[in-house]
Amino acid sequence: MNLKNHIRSIPDYPKKGILFRDITTLIKNEEAFAETINQIIERSKKFKFNKIAAIESRGFVFASAVSYVLKKPFIMLRKKNKLPAEVHSIDFELEYGTATIEVHKDSIEKDDNVLVIDDLIATGGTAEAAAKLIEISHGKVACFIFVINLFDLNGSDNLLKKGYKVENLIEFPGH
């Protein structure tokens, strides 16, 4: 199955000049969604990990299903002030400002190997912040798996240059 055929492209969203890659058309199709989860699981077999993390919020859709199938703990990397217990926080730069992601301090233990799943990688700023969050929690990033790579924005390449392992299911140019 060609998963690219299930991604809707929306011009000028969320602002003029952006071609938004919409996963809602992929996840509303049960066969395409199942195939996506199966491909993530297949690619994850190359790596040793004991926990799965996802970046808020679309990453949760894929990671929770993978976590369920593989029977691995699921960790939510959330936006600031969304987690009720003590957290580690990382501030990072976005193309249009700054943001913060957090994780509960008791979610990742020393030497945990964490598989990070997200729907899309563009420039890689959020993914790099997720890696730092896992590392300050004394864990290690086993690999990143993205459903979509916007290849000409170099996010995957930037992560690879920093020594992280990266898998992408499908690729599109970024705008």
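Take every DSSP beta bridge whose two residues both sit in the chain, then give the antiparallel share in percent to the nearest 5. Intermediate values should be presented prior to the final figure.
Working: 14 of 36 bridges.
Roughly 40 percent of the beta bridges in the chain run antiparallel, per DSSP.
Can you spot the aspartates and glutamates whose alpha carbon is less than 12 Å from K79's alpha carbon? Ignore those fewer than 8 places along the same chain.
Within the straight-line limit of under 12 Å, K79 reaches these aspartates and glutamates: E56, D91, E102.
Specify the inter-centroid distance of region 1-38 and region 43-77, based on alpha-carbon positions, in whole Å.
Measuring centre to centre over Cα atoms gives 20 Å.
Sort V66, V141 so that the residue with the fewest other Cβ atoms within 10 Å of its own Cβ comes first and the one with the most comes last. Please list the in-between numbers first.
Working: V66 21, V141 25.
The fewest-first ordering by Cβ neighbours comes to V66, V141.
Distance between Cα centroids, region 106-140 to region 156-175: provide it in whole Å.
Each part's Cα centre sits 15 Å from the other's.
So what is the relative contact order of region 48-172, in percent, for Cα pairs below 8 Å that sit 6 or more residues apart? Mind dumping the intermediate values first?
Working: 272 pairs, mean separation 29.6, N = 125.
About 24 percent, as a whole number.
Straight-line reach from K51: which lysines have a Cα under 18 Å away, not including same-chain ones fewer than 8 places off?
Correct list for K51: K71, K72, K105, K110, K132, K140, K165.
Which value, in debye to the nearest 20, describes the size of the charge dipole of region 135-175 about its Cα centre when Lys and Arg Cβ atoms bear +1, Asp and Glu Cβ atoms bear -1, and nothing else is charged?
Working: 4 positive and 5 negative charges, 43 e Å.
Using only the charged Cβ atoms, the result is roughly 200 debye.
With +1 assigned to the C-beta of every Lys and Arg and -1 to the C-beta of every Asp and Glu, and no other charges, what is the dipole magnitude of the chain about the Cα centre in debye, to the nearest 20? Mind showing how you got there, number by number?
Numbers: 25 positive and 24 negative charges, 46 e Å.
Around 220 debye, computed over the chain.
Mind ordering 37-49, 142-154 by average Cβ neighbours within 10 Å, highest first?
Working: 37-49: 14.8, 142-154: 21.5.
For the peptides 37-49, 142-154, the packing ranking is 142-154, 37-49.
Which residue, M76, F20, T98, has the largest displacement toward the positive end of the dipole of the chain when charges sit on each Cβ (Lys, Arg +1; Asp, Glu -1)?
M76
Laboratory data are not the source of any read-out in this text; all were calculated from the coordinates shown. As the structure is a prediction and not an experimental result, all values here were calculated from the model. For neighbour counting, all protein chains shown are included, and Cβ atoms are generated from backbone atoms with ideal geometry for every residue, glycine included.
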